[in-house]
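Have a look at the structure below before the remarks.
The values are calculated or read from the model by the stated rules, or taken from the named source; none is laboratory data. What you are looking at is a predicted structure, and each value in this text was computed from that prediction instead of being measured. Cβ placement follows ideal geometry from the backbone for every residue including glycine, while neighbour counts extend to all protein chains displayed. The protein model used for the area step is the full one, side chains on, heavy atoms only, and it has no ligands, DNA or RNA in it. Shrake-Rupley method; radii C 1.70, N 1.55, O 1.52, S 1.80 Å.
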Amino acid sequence: MVRSIKNPKKAKRKNKGAKKGDGSSSSSSSGPSMPAKVWQPGVDKLEEGEELQCDPTAYNSLHAFHIGWPCLSFDILRDSLGLVRNEFPHTVYFVAGTQKTSNASETQGADDAWQKNLLGTLLEYLKYLILLGKDVNWYLTSLLLVMMIWKVKVVTVMKTVKMREKVVLGIRFCRQYFLRKVAHQGCVNRIRAMSQNPHICASWADTGHVQVWDFSSHLNALAESETEVNPGAPSVFNQTPLMKFGGHKDEGYSIDWSPVTPGRLVTGDCKSCIHLWEPTSDGTWTVDTNPFVGHSASVEDLQWSPTEADVFASCSVDGHIAIWDTRLGKSPITSFKAHNADVNVISWNRLASCMLASGSDDGTFSIHDLRLLKGGDSVVAHFEYHKHPITSIEWSPHEGSTLAVSSADNQLTIWDLSLEKDEEEEAEFKAKTQEQVNAPADLPPQLLFVHQGQKDLKELHWHSQIPGMLVSTAADGYNILMPSNIQSTLPQDVGV
C-alpha cells in the first residue's frame, strides 16, 4: 500500500514564506532531487506529530465498514452472478460469525454506526474520484450475510443538483438496509461455507460444538428484498441447525469443506483431535467419533487437497504440518517440522496442488513443495517480513504464484513468488524515470502490496469470482480492497 508521511508541524515550517500555489520547496525544480524515504511498516516508527496517509490511487476500489461486533471469521459465498466479473457494480455475499450476542437496543445502535461508517467511507472515496474527473456513475451493492446475517444495498449516483441558487456537483445516496440475523449458541470461532452448496455453512463455537446450517431461506429473502423498500430493524431468527456435534473434547478453530467431495467436512479441536464428517443421503452427516490423532498440541487449521478426495493437511501448535489419507487409518501418512513456533494457518494452492503455504506465530511464513517431502526439506521459500504472528494466509484463486497474508502487526500483504530482483531492469527503470528511491535492501522483491488501516487483523479471503478483490476482517471492522497493481482481468485461455 502506498503511504506518505505527514508531519503538520514540520510542513508548516517548511512552507513558511512560500507563495500560494508554489510547491513544498522554493528550490529550483532543475536541481537534483533527494531520494524519497520508503517507510517500512512494522520497522520504522512515526515521530511525534506524524501520521500515515493512504494513497487512494493505490486501489481500484477500497471500502470499509463495521457491523457493530468484532468477527473472528467469515467466508465469501459463491453465487450465480458470473464466474468471472470485472466490471462494476459488484455484488458480494458473505457469511460471518460475531463475537457477541446483542439485544435489540445494541443492534439498532450498531446498525446506525455501521451505516454512518460505510456511507462516510464511500462519500470520501467518491469525492476523490470527482476531483480526478473520474466517471462515478456506478453503484455498489453489498449483500452481507452474518451469523447474525446482514444485507445492505448502497446506491451512489453522480448528478447535478441545484443548491442555494448555485449549480454544484452533488452525490445522492439511495439507501436500503436489510438484515438477516441468526442466533448462534456461543461465540463463533470460525465459519466456512461449502463451495458446491454455499447456502450450507459450518460453524465452530467456543462452547465446543460444531454446527451445520442451511441459510437458503435467508439468501432467498435477501435476493427478493432488492426490489422492496423495507429498512426497518430486522429481528433475530432462532433457527435450528441441520446438525450439531458435541463429540470434540474442547473448542476448536480448524474446519474445512472438501472442494472435491461435496459435503465432506473435517473439524479439529484444541485437544489435538480431528473428526471426519461424511454426508448421508438424507441430508445430514455421520461423524466418525474415533478421531484422527497425530499432533501433540492444538490443531489450528485444516485444508483439504484440491485434487484428491481423501487427502487433507493439518497444522498445529506443536510446529508441525501433517498430511492425512482417510483411507489409511487414523495416523498421518507424513508429518514434518514446519516452523520453530506454532503453525497458525495453512493454505493449499488450488492452481498448483504441490504447493502448501504456512504461517507461524513467530511472524514467518513458508512455501512447501510437497513433492520434496521424501527428500527431507520441503521449504522452497521462507519469508521473515512480518514481525508478529501470522493470522491468515490464502493463495489467489486466479494466479498460482500469488498469495495474501495477514498478521497481528496490522498489515495485509500480497506476494508474487514468481518475481525476482533484476538489478539491470531496476537500473534501466531508474534511468528512464530519473527516480531516486532509498528502497531498503532487505525488502523482498516478491512483496507486491502492503495494506494497513485495520487493527487486530484476523482473517482474509480472495473472491473467487471477482479477480483482484480481497476482503479482510479485524477487530474494528471489514475492508474490501482491490489493489491497482493486482491483475483484475484473466487471460482468455484461463478457465475458472
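General remarks:
- Share of carbon and sulfur in the accessible heavy-atom surface of region 204-324 [1.4 Å probe, %]: 47 percent
- Rough spin-label spacing in nm, given labels placed 7 Å along Cα→Cβ, for Asp250 and Lys432: 5.6 nm
- Taking all protein chains into account, the per residue accessible area for region 276-351 stands at 41 Å² (1.4 Å probe).
- Extending 7 Å from the Cα toward the beta-carbon at both Glu423 and Phe88 defines two label points whose distance is 4.3 nm.
- Of the residues Arg78, Arg85, the one with the largest accessible area comes first in the ranking Arg78, Arg85, computed with a 1.4 Å probe on protein heavy atoms.
- Put Leu448, Leu328 in order of accessible area, highest first, and with a 1.4 Å probe you get Leu328, Leu448.
- Heavy atoms of Leu372: accessible area, 1.4 Å probe, square angstrom to 10: 70 Å²
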